[in-house]
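The values are calculated or read from the model by the stated rules, or taken from the named source; none is laboratory data. All values reported here derive from a predicted model rather than from experimental measurement. Every residue, glycine among them, receives a Cβ derived from its backbone with ideal geometry; neighbour counts consider all protein chains shown. Calculation scope for accessible area: heavy atoms of the full protein, side chains included, ligands and nucleic acids excluded. Shrake-Rupley method; radii C 1.70, N 1.55, O 1.52, S 1.80 Å.
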Amino acid sequence: MRPSENISKLIRILHVTPSAEMYESTLRDALEAQEKSKKIKPAPAQPNIWTIIVKSPITKLAAAAVIIIAVVVSINQFGGSPDMAGIALADVIENMKKVPWMEVVSTEYPEGEEPRTHHEWYGFASKKTFVKYADSVCCFDYANRKQYFYRFSDQAFEVTELPEHSFYRANSAFSFVNEFIQYAKDDRFLVTQRKDILNGEDVKIFELSKSFPDVGMTTDVATFKIELIVNRENKLLFAGSAKRKLLHEGGKTTTYNFKVTYPESGPRDIYALGVPSTAQLPTVYASDKLYEELNEAREMFAVGDVEGLVTILLQGQFEESKVAAANYLAKIGDLSAVGPLEKLAEEWQEETADNPFAAAVSEIRKRLEEEDTEDTTQITEAEKNITCSGIVLDPNDNPIEGIDVRAELYYNGYYTDWRIFAETTAKARTNKSGQFKLSMPSAKYGMHHILVFEHPEYATNWYHNIRGTRVNLGVHMVGAEPSFVAGQVIDEEGNVIEGAVVRALVKCHQSYPKTGRRATLTTYTDSEGWFLFDKLYEGARLHVDAWKEGYLRYSTESIGRDAYPVRAGMDYLLFTLEPGGTIIGHLTSRGKPYRREGILVVARRTGSAASGQAVTDKNGEFKISGLDPKRRYTLTIDERFFIGTGLICKPAENIQVGAGEKSKVVLELQAGVPVTFRIIDSDTGQAVYNQPFSVVLWDPNYHETRKPVNIRVASGRTDASGRSVLMLTPNVYQLHTSEWDAQGESEERLSKDFNVGADSNEVSVEVSITPYPKLYGRLVDTEGKPVEGQVTVVGEQAISNVAGEFALSRLHPTDLGRAGYAFAKDKRLGRAFFCREVIDTNQTEIVLEPLFDIVGRVIDPNGEGLADALPKVGILMSNGRWYRERIAWWKTVVDKDGWFRIKGVPVGVPMVVSITPPGAEPDVILGPLQPGEEIDVGNIVVKVEVLERLREPADAEWYGNLSGLVTDEYGDPVMGTLVETRIGRRYFRDFTDIDGRYELTGLPRGEKLKLNIEHRYAPASYDVVCDGNDFDVQLSPGEQK
Amino acid sequence: MIEDKLLMWKFKRGSRDALQRIYEKYVGYLVTLATALLNDVNTAEDIVHDFFVSFAQSGEKLRLDGSLRGYLATCVANRARDKMRTRRRQPLALDEANSICSNARGSELSAVCSEELQQLSYAIAQLPYEQREVIILHLQGGMMFSQIGRLQGISVNTIRSRYRYGLDKLRSLLNSEVTK
């Protein structure tokens, strides 16, 4: 290979191994440096000179020139640079030190802005610096540590002391230079020189440049370049330029051009620069202390320290700093500052209109109102709204600002995990105090809301239990330090596997009981085989699966009873995937490829459930991967894919797959033999219709032949004539169906083995069974017209058609004797009936009649109405006992005086009205009822002992508190455990805090209570008396009191 | 890269192990890069050493938006460029204009390379620095043209053309070598 042809490839494979000596020493030095930097913390104690140069408002005054002088004056100290350029510059500097004054006219050209010109004088002997701008004049008197400022437009005149702060600790521009040198010694400027002729004069041009290699690490400046033009004769600087490029703000560039002259004298004071002599020097000097206090307030504001600002407000020494603190507090808008501010506002002696504290109070109020309205986005205006508000705190109980709170609406799923997302109904963000408020339309029937709390630095949290119209969330556990689980997926030889699917089933820690729901996360490994599940809670537990085509699935094994063995924070999990076998194949029919798409081919381990599956492509080809090489497989296709074709698939059996290999299989489709199945009622000898059955492979000698048996190959259901026809391949089979045995339990019935021969045209199989009870009939109204509706007996349900006909085919024998209900579609008509016998002729008619209401009143023995006792309807049986339906078809409403109405009760069976909890005297028995009437059952008197259980203590008695400490078996406090008690219908609950303490307030004092504590060992309950003493609990594994 | 993300996460929290792992993972890559840029192993090692020491101190302050690898490459390339300028401008004073090309150690890469690579590294050493930097950062450092552009503060098109000219020149240099 000629190198010129493959340059790219060659360059890519260039590799230099660092010398062992360098390798060791660099690592050692780096680790030492890291240790050192940890000790030097906190970082703010070390001012970063570059940041100061660029950001400090004071240095802006003289940015260009000061930096230039710094560079010029210090250049010979740059570690004694030996090069010629450095030596030449040193001469210049020496000469410049001899001159008394330097006058600089510099123009600043900020990118995208108008150029600005400054005029500057540097008095080397007098230690004064003057700067003149278009509108203002500035003077720094380093000898007397004073700073003068005059603005022409509004004649503002200020004199302040040069502050003892950051680099101004050095009290002159010249010691500032020294600080600069300290920094610059480490990172040398590059100095070059060239000769040139400028305006007919011989000049030397020195170029000083520096780019900052460690992007983002130490400075905002990306590159810095200075050109100094020096007269070759007198070796004095006479012009120059500087160019600075910022890292951020889109790489904004600022250029300075300047021209230098060396006069014998300079301005004496600020009046010499055009300040009118009438301008009086302010006599009041801001003291250092005031400056410090102001600065403190500013820093507090920068970090949002409301408490500190309030302290300044209350204990500050200067009025100015108090006003500043009030202004900062107004900007923060925290409610807790209102009290102190109002107090100060009242004490204000001067003009009311100037009162800064009153202004701050009104500003805070305004901000808070705006926050309330701005942060909440209400998507739709609904008649009934849910208002959620609350506070979001981290584990140390500090409020977290900026958490995105979102209300998401879901459709209910069959299981909780199956919920389907509908829409986001409201959004909000927590304010500085961690508070949020949002309002969303209440969820319709079949839907529910979930609140989602998100923040990039915190684990996402969900809140599910939104009940009622006003929800105040004390969700104290959102902001945990985020944690993660990471690891690598490799193969048996240790090579990383890219693109493997890794799925984690997350179970949150018990300490977060309300979020202890499962969640599934899925990710893929990167090119280095890494996967990462981030934003997990600390303490979350995971069950992790990993798989990839061609490999066997890896699952984390349970440890003991713990199915979630991976803990958040584990960051180097290593999963080894073993190679799996692959079966590839295609379908054929009569020797030709059978090209049909979408046929599901299932591979089962012999004698087991499906272990792999695949769908055929348009060529009838399929590929099943990830099969265990130690097993043998059977390939089958469900016969429903061939309905109407007369074809069936002969299962391919005993397929052996090798690790990492592909086994080829051809699945042959054959014309099936029609087999007629008939199921007979053993009592009547008649055909049983609508009876399900299945056909399994069978071999009477399977012990010897080792053939797989009992594999279901087909299933069917007898039609109205009691028959069913299925296509089967030649083989030996058995029919399986179920029947009702004498105890009312279903029992499997098997037919005799039957052989389907290759040459047989038709096979007939007959089985006798005792069928399930059935109920067939018609729903009619009182005029004999058919009614559309539904019939329910215990769990079984049937809908009637337009002719009113219904069929309840598989009643459980034990259902006989229970009440059944028939209702019209519009729920106006109905009837209850006892399902006493099996009715399987279409002659049975159920006549539906209008429903009726039951009214009455529940009272205590004194005749007072009771709203707490709920009257319910039960069914009276022939033996005199009665029972209640688990799901009632009728609705009960009770008002506060105990008057109740039970709506929509059907006629047909005798009923009982009783109250819950049971204890009415007497239970009212309703005999056969006339339809359409309203029945008044009069007063139901509640027994005295039941009354005790219903009644809650009077409000005045609810002032007791119960608190205590929950510890685990080692005596360590348990955080986040739910402690709860219940009085009547009221619940009192609290989660233990970080110290394991709980406090329940508003309990009835002196009452005996049952305290329930939810914990991972077992829920425990304790009998306590609320008497003001602490009740401490020590939990232990398996304990249950 | 997920591992890099993890390492940065730990490094920012002061993990010694993370720093060590970052070092182990990238030191070879950075030394190769710096050597290719400067054509001098010793200086390259010095640069990488200095860089790692200052990197180790950056800890919490570090703000990293892109990939760790790209960041490290950028920092080392910057340092190499500064170094290169010093070296390039020294000759003006010391009058050794030809030093880089005639440097007997010019093919330090050859210590680990085949003859082919030796030719190549010699050819690379003769490229103007701007072109060399683009070629090395793109091919060896795996950086995109846009990243290199941002690093040098010039447009992507300039970078592209430098890359093209550089490759052409390399090719002609190598062809002339071969035909010699």
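With 23 Å as the limit, write out which pairs from B:Lys5/B:Lys25; A:Lys132/A:Lys259; A:Lys195/A:Lys225; A:Lys9/A:Lys662; A:Lys366/A:Lys432; A:Lys343/A:Lys366 have Cα-Cα distances beyond it, or answer none. The pairs that break the limit, which is 23 Å between Cα atoms, are A:Lys9/A:Lys662.
For the stretch A:841-918, the list of trypsin sites (Lys or Arg not before Pro) that fall in a loop by DSSP and count at most 10 other C-beta atoms within 10 angstrom reads A:Arg881, A:Arg886, A:Lys896. Among the listed pairs A:Lys331/A:Lys427; A:Lys872/A:Lys903; A:Lys825/A:Lys872; A:Lys548/A:Lys623, a Cα-Cα separation exceeding 21 Å is found for A:Lys331/A:Lys427; A:Lys825/A:Lys872. Measuring against 32 Å, Cα to Cα, the residue pairs A:Lys128/B:Lys83; A:Lys437/A:Lys891; A:Lys245/B:Lys12 contain A:Lys128/B:Lys83; A:Lys437/A:Lys891 as the ones spanning a longer distance.
What ranking of A:Met877, A:Met300 comes out by heavy-atom accessible area, probe 1.4 Å, highest first? Spell out each step's value before the answer.
On the way: A:Met877 55, A:Met300 30 Å².
The ordering from most to least exposed comes out as A:Met877, A:Met300.
Here's how it looks for A:Lys252: its modeled amide H is under 5 Å from those of A:Leu246, which are all 5 or more places away or on a different chain. At the residue level, A:Tyr564 shows approximately 20 square angstrom of accessible surface with a 1.4 angstrom probe and all protein chains present.
Protein-only accessible surface at a 1.4 angstrom probe places the residues A:Val894, A:Val131 in the order A:Val894, A:Val131, largest first.
Taking amide H as placed 1.01 Å from N in the peptide plane, the amide H of A:Arg632 sits under 5 Å from that of A:Thr606, each at least 5 places away or on another chain. Peptide A:571-579 has a mean of 1 when you count, residue by residue, the C-beta atoms of other protein chains within 10 Å of its C-beta.
Per-residue Cβ counts within 10 Å, from other chains only, averaged over A:19-31: what number is that? Don't skip to the end; give the middle numbers.
Numbers: counts 4, 0, 1, 9, 8, 0, 2, 12, 8, 0, 5, 14, 7.
Average neighbour count from other chains, rounded to a whole number: 5.
In a simple Cβ point-charge model (Lys, Arg +1; Asp, Glu -1; nothing else charged), the stretch A:693-812 has a dipole of about 180 debye relative to its Cα centre.
Calculate the mean, over all residues of peptide A:523-534, of how many other protein chain Cβ atoms lie within 10 angstrom of the residue's Cβ.
Details: counts 1, 0, 1, 5, 2, 4, 2, 6, 1, 6, 0, 4.
Counting Cβ atoms of other protein chains within 10 Å of each residue's Cβ and averaging gives 3.
Normalised by 2.2 N^0.38 Å, where N is the number of residues, the C-alpha radius of gyration of the stretch A:803-908 stands at 1.31. When peptides B:36-44, A:234-242, A:657-665 are ranked by their average number of other Cβ atoms within 10 Å per residue, the highest-first order is B:36-44, A:234-242, A:657-665. Qualifying chymotrypsin sites (Phe, Trp or Tyr not before Pro) in the stretch A:300-348, where qualification requires a DSSP coil assignment and no more than 14 other C-beta atoms within 10 Å, comprise A:Trp348.
Measuring r between the beta carbons of A:Asp571 and A:Asn398 and using R0 = 30 Å, the FRET efficiency lands at 0.70.
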